[in-house]
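Chemist: Can you keep this structure in mind? I'll have questions shortly.
The values are calculated or read from the model by the stated rules, or taken from the named source; none is laboratory data. Source: prediction; values computed, not measured. Here the Cβ positions follow ideal geometry from the backbone for every residue, glycine too, while neighbour counts run over all protein chains shown.
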């Protein structure tokens, strides 16, 4: 159809509709109404939907009101049993975590061998064990009935007075546990006082006249035979009678003849006795007997005794290495060797045997060359020799050039004592050590505490103006080597705390022993060593106990537990032997107790890094397990609550059904 026709239709339409003004107005209004109706359709839709939602909301509110009301409780009831699948699944996960907890704790468990804490706490630690000491005074003189009792009381009072004077010291570990007995032998008729005098001495065993015709060594052996013979039925040094044990120390007093104005002579033997011969009154005799008992037989020659701070040059494992070195300062001048294995070891074997209860001693030797000293010597015209003063001795040992620490016997915690024979060069020969009074030392030797000793040996061809070369290999003679070794034994005595020179105005002579130590000196060493070792053992075990209790995560192996138990047993045995007066056995057991305690404390597993504190333990595992376990636990709690709520609804439904029927 053409455009014209369209226009004509429109015009006709307008003409048809436009018959007058009123028709036109109606037509326009109807048009507006039509457009308005078209525009209002979405609004009406929204209004209809809104009214629908409002109706639904009102319906929900109405249902809610009906639910909250007692008349309508259908929402609190359910006609079916609540499902258990979710509950079982959640609880199975929680139980799997709980079941794995013991395996986790077992996998991270630290093994700790049980230690005897009760036994450790019951042992005394403040005071050393008291060793019983028994003293016997024998008077070969005419007697009256009350003389023995009076002398026994006087000697006991003298010992107590000396003990109060040295109250800060252990008094030879005897303490107050000592007993005094006195026997007066009047040519076969004996009067005794104290503990079982008949067991200590056989009357008439020695005639006073025998002291005059014998030398001191012979008298010492005579008294040893008589005293040991009197105790032959008492099992050696364990004394009979009196209900007590202990080593017996004796002093024999031989009264001089009338008119004999010679001063009394006092000799201390190499066994366990001393004797006095000459005119001496009762008071002086009691004072001298008290001095011999307290100062020598109890304390080894030290006035106030040894303290707890005394330290013997013995390793914590109870071993000592005696290393002997021959140093040739300049082998271009001369070279010296020695027969140490043939001579030295034979001389030192008795010393090592005597000290065996204290330490396991091993001996070794070596020869070194090019070993100059560190200090410089000076020429002295009066002595016609090179000298070293006392002030230069600390710089004598040349640690850079003297390679002495080559011991093959020293293992673990062994102690090495160095004994050096220094052969000076021709440029400073002869070389002597000058004493503070300006004189040359007789031994030409000195010691360094806890290190060892040095002996300066000048060769026979040594002279101040001789610079001749002596390149031939020489050997120290047997006589010179024996003298050197005697000096070394004296130095060893000093290193062990035994005085070698007793410069006492009242004592005439001390008889030396071929062992290097007399029997009474060894007893003092054994007692002090046992007391020191027992205290050290108990202190170490107490420290170990505190360490183990303070670290709950520390490894304690069975070996450590076994060492602690064996150490306690050895300590108990040492105390028992000490209380019985068996000094050598007590020292040996105490050495074993201390060695075991040290082994337990320094066990390699104690220093292991496989243990840590409880805080470190939680810091490792908590970041992983805490979040997981917390979520599982919360889910389980939530699911249990849900199940209980739904089950309550089901039970309410059953109750309602039962009530309606």
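Chemist: When segment 361-385 is examined, which residues are found to be over 13 Å from residue 329 (Cβ atoms) and not in a loop (DSSP other than H, G, I, E, B)?
Modeler: If the condition is that a residue be over 13 Å from residue 329 (Cβ atoms) and not in a loop (DSSP other than H, G, I, E, B), then 361, 362, 363, 364, 365, 366, 378, 379, 380, 385 are the ones that fit.
Chemist: Check 314, 351 and return the single one that is within 37 Å of the chain's Cα centre (by Cα) and in a helix (DSSP H, G or I).
Modeler: Step by step, each of 314, 351 is checked, and only 351 is within 37 Å of the chain's Cα centre (by Cα) and in a helix (DSSP H, G or I).
Chemist: Turning to a different aspect of this structure: Does residue 441 fit the bill of being in the same structural domain as residue 452 (by TED's automatic domain parsing), in contact (Cβ under 8 Å) with a residue 24 or more places away in the chain and at negative phi?
Modeler: No; evaluated as a whole, the condition is false for this residue.
Chemist: Would a scan of segment 512-521 turn up a residue that is surrounded by fewer than 19 Cβ atoms within 10 Å (Cβ to Cβ), out of contact with any helix residue (DSSP H, G or I) (no Cβ under 8 Å at 6 or more places or on another chain), within 14 Å of residue 300 (Cβ to Cβ) and at pLDDT below 90?
Modeler: Scanning segment 512-521 turns up no residue that is surrounded by fewer than 19 Cβ atoms within 10 Å (Cβ to Cβ), out of contact with any helix residue (DSSP H, G or I) (no Cβ under 8 Å at 6 or more places or on another chain), within 14 Å of residue 300 (Cβ to Cβ) and at pLDDT below 90.
Chemist: Next question. Based on this model, can you work out whether residue 261 counts as modelled with pLDDT under 70, in a loop (DSSP other than H, G, I, E, B) and more than 30 Å from residue 580 (Cα to Cα)?
Modeler: Answer is yes for this residue.
Chemist: Can we say residue 330 is surrounded by fewer than 21 Cβ atoms within 10 Å (Cβ to Cβ) and in the same structural domain as residue 447 (by TED's automatic domain parsing)?
Modeler: Criteria met by residue 330.
Chemist: Take the residues in segment 416-442 that are in contact with a strand residue (DSSP E or B) (Cβ under 7 Å, 6 or more places away or on another chain) and surrounded by fewer than 18 Cβ atoms within 10 Å (Cβ to Cβ); name whichever of them is nearest to residue 477 (Cα to Cα).
Modeler: 441
Chemist: Among the residues of segment 334-348, how many are in contact (Cβ under 8 Å) with a residue 60 or more places away in the chain and in a helix (DSSP H, G or I)?
Modeler: Summing the residues that are in contact (Cβ under 8 Å) with a residue 60 or more places away in the chain and in a helix (DSSP H, G or I) in segment 334-348 gives 5.
Chemist: Let me ask something else about it. When you scan segment 119-238 for helices (runs of 4 or more DSSP H) that lie fully inside it, which ones turn up with 2 or more residues that are at pLDDT 75 or above and assigned by TED's automatic domain parsing to the domain that holds residue 293?
Modeler: 147-165, 216-230
Chemist: Of all residues being assigned to a helix (DSSP H, G or I) and exposed (fewer than 10 other Cβ atoms within 10 Å of the Cβ) in segment 602-635, which is modelled with the lowest pLDDT? Just the residue, please.
Modeler: Going through the qualifying residues, I end up with 607.
Chemist: Determine, yes or no, whether residue 436 is out of contact with any helix residue (DSSP H, G or I) (no Cβ under 9 Å at 6 or more places or on another chain) and either farther than 30 Å from residue 598 by Cβ or outside any loop (DSSP other than H, G, I, E, B) (or both). Spell out the reasoning first.
Modeler: Working: out of contact with any helix residue (DSSP H, G or I) (no Cβ under 9 Å at 6 or more places or on another chain): no; either farther than 30 Å from residue 598 by Cβ or outside any loop (DSSP other than H, G, I, E, B) (or both): yes.
No: the conditions fail for residue 436.
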